[in-house]
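No lab work stands behind these numbers, since they all come straight from the coordinates. Since the model is a prediction, treat every value here as computed from it, not as a measurement. We place every Cβ from the backbone using ideal geometry, glycine too, and count neighbours over all the protein chains shown.
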Amino acid sequence: MRAIVCGANGAMGKLICGILGDEVVGKVSIDGENGVPKTFEELGAVSADVIIDFSHHTAVGSVLNYAKQIGAAAVIGTTGHDDEEKALIAAASEEIPVFFSGNVSMGIAVLCRLAKQAASFFPDANIEIVEVHHTRKVDAPSGTALMLFNAVKEVRPQAWANCGRSGEGKRTPEEIGIHALRMGNVVGIHEVHIVTPNQSLTLKHESGSRAMLADGAVDAARFIAGKPAGLYNMENILER
């Protein structure tokens, strides 16, 4: 597999490059350090099977345009995309294979599936999602927390996300609270609390290292390289 890494000088980019080794045929990083091109224009046309992006969600347009230009698949590992950026991802997937997930960890993929299953078994339970990350994380709630919410929403179509509950008013049966904590150097902790009047069930995933995400990104890249155009996610990997 021939891969281009966008955000190559970042913490995740360095881990991914370390795993791929000689399979990295191109790098881009906005800081331009270590002689790495700052833009795709500076990089020039490179023959590659996939672009792995762990830069910033605002770069998704340029990543997808370059992927279409060279005929490569794209793995979008950033989070915090607005509606316009998500529309760009959906449109690009009609031309090239695009892997887009709020989290590329296999453990989180399993957690989403379990949360969805548990919500179906307890249709009247209150569900709350709690996520914890380091102080440097810029988006809240996390992309992973939103993945968990969307997984539950598949079996609770009327559910709505109450992010950072505050003020007066009783909890509604349809709401799912999402709470974001930012402290220290926590890599990532996600909990789904499913509570009835008589019992509670807590599903939890804790990230021990960012290497988990790097491994997942490389796995996603190997999975999507050579696939037909379309939008892929962790569910596709679970079902392979």
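Ranking Ser101, Ser209, Ser62, Ser166 by Cβ neighbours within 10 Å, fewest first, what do you get?
Details: Ser101 25, Ser209 11, Ser62 16, Ser166 7.
By the 10 Å Cβ count, ascending, the order reads Ser166, Ser209, Ser62, Ser101.
If each residue's Cβ is checked for other Cβ atoms within 10 Å, how do Phe100, Phe121 rank with the fewest at the top?
Phe121, Phe100
Under 27 Å between alpha carbons, and skipping anything fewer than 8 positions from Lys14 in its own chain: which lysines qualify?
Lys27, Lys38, Lys68, Lys86, Lys137, Lys227
What ranking do Thr172, Thr79 get, fewest neighbouring Cβ atoms within 10 angstrom at the top? Present the calculation step by step, with values, prior to reporting the outcome.
On the way: Thr172 10, Thr79 20.
Fewest-to-most Cβ neighbours within 10 Å comes out as Thr172, Thr79.
Using amide H atoms built in the peptide plane, which far-off residues or other-chain residues are under 5 Å from Val75 H to H?
Here the answer is Ile51, Ile52, Asp53, Phe99, since their amide H atoms fall under 5 Å of that of Val75.
Relative contact order of the chain: what whole-number percent is it, with Cα pairs under 8 angstrom and at least 6 residues apart?
Details: 486 pairs, mean separation 53.1, N = 240.
Averaging sequence separation for qualifying contacts and normalising by length gives 22 percent for the chain.
How large is ³J(HN,Hα) for each residue in the range 26-43, as worked out from phi by the Karplus curve 6.51 cos²θ - 1.76 cosθ + 1.60 (θ = phi - 60°), to whole Hz, x for Gly and Pro?
Once rounded to whole Hz, the list reads x, 9, 9, 8, 4, 7, x, 6, 6, x, 7, x, 7, 9, 5, 4, 5, 5.
Considering only the range 106-206, what is the antiparallel percent among its DSSP beta bridges, to the nearest 5? Intermediate results must be reported in sequence, preceding the final value.
Details: 14 of 25 bridges.
Counting DSSP beta bridges with both partners in the range 106-206, the antiparallel share is about 55 percent.
Restricting the count to DSSP beta bridges whose residues both fall in the chain, what percent are antiparallel, rounded to a multiple of 5?
Restricted to the chain, the bridges split so that about 35 percent are antiparallel.
Using a Gaussian network model on the chain with a 10 Å cutoff between Cα atoms, which of Arg113, Arg182, Arg136 fluctuates the most?
It is Arg136.
Can you work out ³J(HN,Hα) from phi for every residue in the range 109-114, in order, using Karplus 6.51 cos²θ - 1.76 cosθ + 1.60 and θ = phi - 60°, giving whole Hz and x for Gly and Pro?
Listing the rounded values in order: 4, 5, 4, 4, 5, 5 Hz.
In whole percent, what relative contact order does the range 30-150 give with Cα contacts below 8 Å and a gap of six or more residues? Intermediate values should be presented prior to the final figure.
On the way: 126 pairs, mean separation 25.1, N = 121.
With pairs under 8 Å counted, the relative contact order is 21 percent.
Considering Cα pairs under 8 angstrom that are at least six residues apart, work out the relative contact order of the range 162-240 and quote it in whole percent. Walk me through the numbers before you get to the answer.
Values: 46 pairs, mean separation 13.8, N = 79.
Rounded, it is 18 percent for the range 162-240.
Taking Cα centroids, how far is the range 178-240 from the range 6-25 in Å?
Each part reduced to its Cα centre gives a spacing of 20 Å.
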